[in-house]
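A quick write-up on the structure given underneath.
The values are calculated or read from the model by the stated rules, or taken from the named source; none is laboratory data. Quick caveat: nothing in here was measured; it's all calculated off a predicted structure. All Cβ positions, even for glycine, are placed from backbone atoms using ideal geometry, and neighbour counts span all protein chains on display. Please note that ligands, DNA and RNA were not included when accessible areas were found on the heavy atoms of the full protein model with its side chains. Shrake-Rupley method; radii C 1.70, N 1.55, O 1.52, S 1.80 Å.
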Amino acid sequence: QVQLVESGGGLVQPGGSLRLSCAASGSIFSINAMAWYRQAPGKQRELVAAITSGGSTNYADSVKGRFTISRDNAKNTVYLQINSLKPEDTAVYYCNAQIGSASRAGVGDYWGQGTQVTVSS
């Protein structure tokens, strides 16, 4: 059974920083793209940042220059460094990954349980 477990969320003041982590576990053969999404109250889930297995990245325009996605393939972990936080960054942040495993044929689309980020003074 493949699982994604996020950590690192919390309450932070505007201008502050956080580092989110998401570790994949289970009988994993390979991990392709990994990504972070977020969902604010009353809004649709949106892509924040993504990274390929080779390290290519892309970001939502709203977070460019403030957020950095990275991954450690040896640890099956993806990170999101969030700087210069704004109140509008408040949301539940979800990890997503495309994983080949012994749990199913082909590549599966997996989600973490989410971690709350609240930006408030």
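In the stretch 16-121, counting only strands (runs of 3 or more DSSP E) that sit wholly within it, the ones holding 2 or more residues that are among the β-branched types (Val, Ile, Thr) span 28-39, 46-51, 67-72, 77-82, 91-101, 115-119.
Counting the residues of the stretch 67-81 that are in contact with a Gly (Cβ under 9 Å, 6 or more places away or on another chain) and under 12 Å from residue 48 (Cβ atoms) gives 1.
Annotation: of all residues in the stretch 17-58 being open to solvent by 50 Å² or more (accessible area, probe 1.4 Å) and aromatic (Phe, Trp, Tyr), the one that is farthest from residue 97 (Cα to Cα) is 29.
Which residues, counting only those in the stretch 59-70, are open to solvent by 40 Å² or more (accessible area, probe 1.4 Å) and under 13 Å from residue 22 (Cβ atoms)? Scanning the stretch 59-70 gives a single hit, 70. So, residue 111, is that one under 18 Å from residue 6 (Cα atoms) and surrounded by fewer than 19 Cβ atoms within 10 Å (Cβ to Cβ) or not? Considered against the rule, which asks whether it is under 18 Å from residue 6 (Cα atoms) and surrounded by fewer than 19 Cβ atoms within 10 Å (Cβ to Cβ), residue 111 comes out as yes.
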